[in-house]
1. Where is the GNM fluctuation largest for the chain (alpha-carbon springs, 10 angstrom cutoff): F38, F134, F168?
2. Given the options P201, V136, G125, identify the residue whose Cα lies farthest towards the positive end of the charge dipole of segment 2-301 (+1 on Cβ of Lys, Arg; -1 on Cβ of Asp, Glu).
3. Specify the residue with the greatest mean-square fluctuation among P118, P221, P201, computed from a Gaussian network of the chain linking alpha-carbon atoms under 10 Å apart.
4. Taking the highest mean first, how do the peptides 227-234, 159-166 order by number of other beta carbon atoms within 10 angstrom per residue?
5. Note down the relative contact order for the chain as a percent, whole number, built from C-alpha pairs under 8 angstrom at least six residues apart.
6. Summing +1 for each Lys or Arg and -1 for each Asp or Glu, what net charge is found among the other residues whose Cβ lies under 12 Å from the Cβ of P221?
7. Let's test the formula: R0 of 30 Å, r as the Cβ-Cβ distance of D31 and R177. What FRET efficiency results, to the nearest 0.05?
8. Are any of the pairs K127/K156; K70/K126; K70/K242 more than 26 Å apart by Cα-Cα distance, and if so, which?
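Just so you know, all these numbers are worked out from the coordinates, no wet-lab data involved. The structure presented is a predicted model; accordingly, all values stated were derived computationally and were not measured. A quick note on method: Cβ atoms are made from the backbone with ideal geometry, for glycine too, and the neighbour counts reach across all protein chains shown.
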Amino acid sequence: MKKNRIRGSLSLLLGTVIWGFAFIAQSVGMDHIGPFTFQAVRCFLAVLFLIPCAFVMDMGKCSFRESAEKWKTPALWKVGGICGCALFVAASLQQIGIVYTDAGKAGFLTAMYIVLVPVLGLFLGKKPPKSTVFSVALAVVGLYLLSCMGVSEINKGDLFLMGCALAFAVQITCIDRLAGNLDGLRLNCIQSLVVAALSVPFLLLTRETVTLSAIAACWLPLGFAGILSMGVAYTLQIVGQKDLEPAAASLIMSLESVFAALGGWLVLHETMTPWELLGCGLVFAGVIVSQLPDRKKRNVQMP
């Protein structure tokens, strides 16, 4: 059990590192194409990457025909559709909210799914342990210091971003409740396909200019955001969540903001204030506390 927990934590941690650096890729990509175009292309790239990966992973385990049959699992498409819709709503509301609000505050409000996931758990009959509540409090304070210290203005973009946080919380909860023993790689492929398909009509409705030259101009950001962020990281999320409680998993995923800040420091040579460094430390502390064994469970296991 402890081994599974470590494996799940490491899977989520690696995925979170990728997501953090993907903020840089998305920022650069937006200089060339619109948000829904970027979203559609990156998710389509993820699908193209994940389909052959699924067959490669099955090599030596089953025949090509048997591997193809795995795609016909009804539950896989049902859960992938539900998670994909939640992920599309979250990503779209985040992009709209960023238009109206400060980027730092956007990161803070998006990460509020760490509060909403335990709240959703309460409605589903899951009461988080006291250590998780304390961890969430530490992480919230840390994220505020990291993302929006000194920001006081409230605007309509904040409402979009709170909706985004709720949608992410729903997606995390759906994976916890519905994914079960489903193939994580195939599930993410279907989830990505749903997001790509839903993005196309919205890019047409918002009249985004789509040209091959503009897409080609940001091939590297699209490749990183599509193959690594959407393809690899979201698969790691599904795999990692199978070994962790959703509240603990969401805390690890909140490190995305920390790695985004570190990525900006390393790649874009942005500076970090003492408050931001303290914020990073508090988020890390919150994640570490959430991974400590619960005292009651530890006492029960003692002879």
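1. Highest fluctuation of the listed residues: F134.
2. Going by the charge dipole, the pick is G125.
3. Sorting by GNM fluctuation, first place goes to P201.
4. Values: 227-234: 24.0, 159-166: 20.8.
Peptide ranking by packing, descending: 227-234, 159-166.
5. Working: 434 pairs, mean separation 127.3, N = 303.
This gives 42 percent for the chain.
6. Values: positive: R42; negative: D31.
That works out to 0.
7. Working: r = 39 Å, r/R0 = 1.29.
With a Förster radius of 30 Å, E is 0.20.
8. Details: K127/K156 32 Å; K70/K126 32 Å; K70/K242 20 Å.
Result: K127/K156; K70/K126 exceed 26 Å.
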